[in-house]
1. Take the residues in the range 227-241 that are surrounded by fewer than 15 Cβ atoms within 10 Å (Cβ to Cβ) and in contact with a strand residue (DSSP E or B) (Cβ under 8 Å, 6 or more places away or on another chain), then tell me which one is farthest from ILE189 (Cα to Cα).
2. Inspect the range 303-311 for any residue being among the polar types (S, T, N, Q), buried (at least 16 other Cβ atoms within 10 Å of the Cβ) and closer than 22 Å to LEU79 by Cβ and give the result as yes or no.
3. Looking at (1) over 19 Å from LEU270 (Cα atoms); (2) surrounded by 17 or more Cβ atoms within 10 Å (Cβ to Cβ); (3) at pLDDT 95 or above; (4) not charged (D, E, K, R), which is the one condition that is false for GLY216?
4. For the range 183-235, which positions are of a type in the set (Asp, Glu) and under 30 Å from ASP141 (Cβ atoms)?
5. Run down SER326, SER247, SER258, SER275 and say which single residue is surrounded by 14 or more Cβ atoms within 10 Å (Cβ to Cβ), small (Gly, Ala, Ser) and either at pLDDT below 95 or over 19 Å from the mean Cα position of the chain (by Cα) (or both).
6. Scan the strands (runs of 3 or more DSSP E) fully inside the range 241-348 and keep the ones with 1 or more residues being among the hydroxyl-bearing types (Ser, Thr, Tyr) and under 24 Å from ILE119 (Cα atoms).
7. Just one of VAL169, VAL173, VAL180 is among the aliphatic types (A, V, I, L, M), farther than 22 Å from THR272 by Cβ and within 22 Å of the chain's Cα centre (by Cα); which is it?
Amino acid sequence: MKNSLLLTLVLFLFISCTKDPDNDNDTFLSGNGIFLLNEGNFMGGNGSISFYSYDSLKIFNDLFAGINGRPLGDVPNSLAMTGERIYVVVNNSGKIEVIDKNNLESVATISKLKAPRNIGIISSSKAYVTSLYSDSITVLDLANNSVSGYINIKKTSEAIAVIRNRAYVSNWVGGNKIFVLDTDNNKVIDSVEVAMEPESLVIDKDKNLWVLCNGGWKREYSAELISVNTSTNEIARRLVFPDRNSSPSCLQIDGSGSTLYFLSSGIFKLKTDASAIPLTPFIPQGGRYFYKLGINPVNGDIVTTDAADFQQNGQLLIYKNNGELSVSAKAEIIPGMMIFRLNDDFSK
């Protein structure tokens, strides 16, 4: 009798512990939240995906491996979402993981890419992928999850922004140009000389391209924030950073397309009609190491990551649009780029 009761108790505890509603992928992944890439250690192969749920106010870590039974890969660098798919660019592994946005199950792996960096969604059936080492942009067929061609720009590439039937691609390491691609014909049609090392790009409400140039790793040149008229591909404005030692990164824009944000030992904020770079950050970095940045397009949340010492687990930090810290959640090693999943029921 005692043995029967003991067995019943063990089975009850086992079922209770394994059936965790918080780990029901179809429940929390289909809700409102933030998909976050954790880069992991270089050559460590321990990159991962986290999801911060706005609905439960919890963060869920190591999701790709837990769901698919294999690691994500070595240094996931960026991601994009369109339709029912998320495309995760895994730089050092030379691949793109295609996953279902509702449950993170693997759909396909596009492999044998050369140091892929960022992905720009051109249409429901086409995307462009930049490369740290290749002189060509890779063209993806999203219907078949395969490589359909290449666009030779004769330079390496980093950031990408898409507007109308044009894609703007930056030549980052040692470069100073933005290449203009015709997305209908997959051809280079123009280039714009900006400033040294254009690192990130966004499009504003007036369809202007904003380019954040970090000035080069040796700081030979001042960093600049440059606006390009996408109708003429001519420079409209140049804002020069007052401190030559500034190394800004991760340019972002809010949902209205009127306020720019970037990182530079703190989070800086300025309107697109500003006449100068602010002298002090909107949110000081303090004792943290702000690494990547994102802006919630609906409520203006300022989301950043703290990479700590680049060895231990970092944090996801969410600040309200007034600069007040509202969330600090433990992520994984080197939390980096992010995208927002916001359904129609998301409230400001």
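The values are calculated or read from the model by the stated rules, or taken from the named source; none is laboratory data. The shown structure was predicted, so the numbers you read here are calculated from the model rather than taken from an experiment. Here the Cβ positions follow ideal geometry from the backbone for every residue, glycine too, while neighbour counts run over all protein chains shown.
1. If we filter the range 227-241 for residues that are surrounded by fewer than 15 Cβ atoms within 10 Å (Cβ to Cβ), which is where we start, we get 231-232, 234, 236, 238.
With in contact with a strand residue (DSSP E or B) (Cβ under 8 Å, 6 or more places away or on another chain) added as a condition, the list becomes 234, 236, 238.
Details: GLU234: 14, ALA236: 19, ARG238: 23 Å.
Top of the filtered list is ARG238.
2. Checked against the condition, which is being among the polar types (S, T, N, Q), buried (at least 16 other Cβ atoms within 10 Å of the Cβ) and closer than 22 Å to LEU79 by Cβ, the range 303-311 yields at least one hit.
3. Of (1) over 19 Å from LEU270 (Cα atoms); (2) surrounded by 17 or more Cβ atoms within 10 Å (Cβ to Cβ); (3) at pLDDT 95 or above; (4) not charged (D, E, K, R), only one is false for GLY216: (3).
4. At the first step, the residues of the range 183-235 found to be of a type in the set (Asp, Glu) are 184, 190, 193, 197, 199, 204, 206, 220, 224, 234.
Once the filter is applied, which keeps residues that are of a type in the set (Asp, Glu) and under 30 Å from ASP141 (Cβ atoms), the range 183-235 yields ASP184, ASP190, GLU199.
5. On the way: SER326 fails: surrounded by 14 or more Cβ atoms within 10 Å (Cβ to Cβ); SER258 fails: surrounded by 14 or more Cβ atoms within 10 Å (Cβ to Cβ); SER275 fails: surrounded by 14 or more Cβ atoms within 10 Å (Cβ to Cβ).
It is SER247.
6. Working: elements: 249-253, 259-263, 266-271, 290-295, 302-306, 313-319, 325-333, 335-341.
Counting at least 1 such residues, we get 249-253, 259-263, 290-295, 302-306.
7. Details: VAL169 fails: farther than 22 Å from THR272 by Cβ; VAL180 fails: farther than 22 Å from THR272 by Cβ.
The unique qualifying residue is VAL173.
Here's the yes/no breakdown for (1) at pLDDT 95 or above; (2) exposed (fewer than 14 other Cβ atoms within 10 Å of the Cβ); (3) over 19 Å from ASN77 (Cα atoms):
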residue: LEU140; (1), (2), (3): yes, no, no
residue: SER146; (1), (2), (3): yes, yes, yes
residue: SER157; (1), (2), (3): yes, no, no
residue: ALA161; (1), (2), (3): yes, no, no
residue: VAL169; (1), (2), (3): yes, no, no
residue: GLY174; (1), (2), (3): no, yes, yes
residue: PHE179; (1), (2), (3): yes, no, yes
